[in-house]
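Chemist: Quick one: structure below, then a few questions.
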Amino acid sequence: MDELGKLFGLTLPWWEIVLRGSVVYLALFLLFRFVARRNAGALGISDLLVLVLVADASQNAMAGEYKSISDGLLLVATLMFWDIGLDWLAFRSALFARLAEPPPLLLVRDGRILHRNLRREFITVEELQSKLRSAGSDDLAEIGRAYIESDGQISLVKRERPGKDQDETRGARQPPGRV
């Protein structure tokens, strides 16, 4: 029975584990937000941060670096609390949302690459062209605007073409049977 107490009991005060988890999470969140900014990936910054920290915290609990499973589980719960709490705060507060996530950054305007913004995000022209092809466009001339979103994905707004598109739109608005 004493072995079960060692396995599931806390070896550190609960508040110390919560404090350590909170300080590490918030420090890394700020570091990722203001230094790393964004990468061209599918995960958001906070998602990636939680994955890395939870993996490390749970690994320590499983491998025995902590003296008990409860230490590791409490740290994982603390990290999840901060992830959910910051997401909730960003959902409830537009001001916090602007602080927590970078706004979309314009990379292409009217078929022209904005090199200054590419340099700001450390994106090469080749990387941009690859992302544009992935998004369904291999011709810069047909792109009205292209943005890098806060999660690193590229979104496109194609140029409107007068003539053909307007004719199709007018045709679609006519009631059936009328010319």
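Chemist: Assuming 0.36 nm per residue, please report the length gained on full extension of the stretch Thr124 to Leu26 beyond their Cα-Cα distance.
Modeler: In short, 32.2 nm is gained.
Chemist: Could you state the number of Å between the C-alpha centres of segment 125-157 and segment 99-118?
Modeler: Cα centroid of segment 99-118 versus Cα centroid of segment 125-157: 10 Å apart.
Chemist: Continuing with the same structure: Send over the per residue convex hull volume for segment 105-158, Cα only, as a whole number of Å³.
Modeler: Dividing the Cα hull volume of segment 105-158 by its residue count gives 63 Å³.
Chemist: Let me ask you something else. Can you give me the long-range amide H partners of Val108? Hydrogens built in the peptide plane at 1.01 Å from N, cutoff under 5 Å, separation of 5 or more residues or another chain.
Modeler: Amide H to amide H, under 5 Å and 5 or more residues apart or across chains, Val108 pairs with Leu114, Ala146.
Chemist: Quickly work out the Arg159-to-Leu89 label distance, labels modelled 7 Å from Cα along the C-beta direction, and quote it in nm with one decimal.
Modeler: That separation, rounded to one decimal, is 4.4 nm.
Chemist: For segment 67-127, what is the largest minus smallest coordinate of the Cα atoms on each principal axis, given in angstrom and ordered from greatest to least?
Modeler: Each principal axis gives a Cα extent; for segment 67-127 these are 57, 30, 14 Å.
Bear in mind that the values in this text are calculations on the coordinates, not laboratory data. In this text the structure is predicted, and so the values were computed from the model without any measurement. Cβ atoms come from the backbone with ideal geometry, glycine included; neighbour counts cover every protein chain shown.
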